[in-house]
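Step one of this worksheet: look at the structure below.
The values are calculated or read from the model by the stated rules, or taken from the named source; none is laboratory data. Just so it is clear, the structure is predicted and the values come from calculations on it, not from any experiment. Cβ sites come from the backbone with ideal geometry, for glycine too, and all protein chains shown count toward neighbours. Each accessible area value is taken on the protein alone, full model and side chains, heavy atoms only, with ligands, DNA and RNA left out. Shrake-Rupley method; radii C 1.70, N 1.55, O 1.52, S 1.80 Å.
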Amino acid sequence: MKGIYMKLKQAFTLAEVLITMSIIGVVTALTIPNLVKNYQKDAQAIQIQKMSNDIANAIDMFITEEGKTKFYLTSAYTNTLPNGDAVTDGLDNFITTHFKVAKTCTAKTSGGCFSADKYGNISNTSTDTDDDEETEETEETEDADNTVNANGEFACPNKAYVLANGAAICFIKGTGTNPNLTLYVDTNGIEKPNIGGRDMFSLVIDSATGNVVGTTGGCTDKVYGDGCYALLSGNSWKMDY
């Protein structure tokens, strides 16, 4: 009887169990949102890294296939195929033949490929988002390449595309001789959060090498993520901004 009594005396009481469960519940409630947010950031960083690699590899393959030494010597710029045949839009031909395109949107149309809502920035946004950090008024973009329509929504000046992986892309040629390309990528298309530096990025493609590099900018205050790609690539793809 004494042994049985001792075993019963060592057991937890109901009050102790309830207190312990309450503490675990509080700790869980405090930590899970941060874990989810960090997971989302890691996933977003991986998506833009993969997209940039896929684009650079496609350009490299394209240059090799056409037997050229520079990207600007290919039909993407010249509108002339290696066999001498002309194409109406060499850049469109490159995209549709070297990427799995699920949808094409006409120039200057908002929505469909990219979000029909205004894009927000990390530090100050009006985009309707589930991220509690991002709830205020957005700044209007100051980009000079005419990517905003009359309603202030992003609209690619050229054709935009949705790829099979769900990403939306928009290529824009600069001005001058053999200009670099500006590339806008929304890694999940029309899906939220539609925040510059989270799922929306602006990149530059070197017209000679075809290398993908980041644009300049402050990142957190840019609705198209200017400067964010450079931060990510220089920080081992950790989205800690």
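Here are a few things to note about the model shown:
- Test: residue 169 is in contact with a Leu (Cβ under 7 Å, 6 or more places away or on another chain), of a type outside the set (Asp, Glu), open to solvent by less than 60 Å² (accessible area, probe 1.4 Å) and touching a residue at least 40 places away in the same chain (Cβ under 8 Å): yes
Here is a yes/no grid of residues against (1) more than 18 Å from residue 166 (Cβ to Cβ); (2) among the hydrophobic types (A, V, I, L, M, F, W, C); (3) within 13 Å of the chain's Cα centre (by Cα):
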site: 189; (1), (2), (3): no, no, yes
site: 192; (1), (2), (3): no, no, yes
site: 203; (1), (2), (3): no, yes, yes
site: 209; (1), (2), (3): yes, no, no
site: 228; (1), (2), (3): yes, yes, yes
site: 232; (1), (2), (3): yes, yes, yes
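- Checking each residue in region 94-106 for being assigned to a loop (DSSP other than H, G, I, E, B) and either under 20 Å from residue 63 (Cα atoms) or under 20 Å from the mean Cα position of the chain (by Cα) (or both) picks out 99, 100.
- Top-ranked residue in region 188-241 [being of a type in the set (S, T, N, Q) and outside any loop (DSSP other than H, G, I, E, B); ranked as surrounded by the fewest Cβ atoms within 10 Å (Cβ to Cβ)]: 233
- The set of residues from region 27-53 being of a type in the set (A, V, I, L, M) and either within 30 Å of residue 212 (Cβ to Cβ) or at pLDDT 75 or above (or both) comprises 36, 43, 45, 46, 48, 51.
- Among residues that are modelled with pLDDT under 95, among the aliphatic types (A, V, I, L, M) and open to solvent by less than 80 Å² (accessible area, probe 1.4 Å), residue 144 is not included.
- Scanning region 168-184 for any residue that is assigned to a loop (DSSP other than H, G, I, E, B) and under 16 Å from the mean Cα position of the chain (by Cα) turns up nothing.
- Tallying residues that are among the β-branched types (Val, Ile, Thr) and open to solvent by 80 Å² or more (accessible area, probe 1.4 Å) within region 61-96 yields 3.
- Some residue of region 83-93 being under 29 Å from the mean Cα position of the chain (by Cα) and modelled with pLDDT under 95: no
- A count restricted to region 72-116 and to residues that are within 30 Å of residue 152 (Cα to Cα) and in contact with a Ser or Thr (Cβ under 6 Å, 6 or more places away or on another chain) stands at 2.
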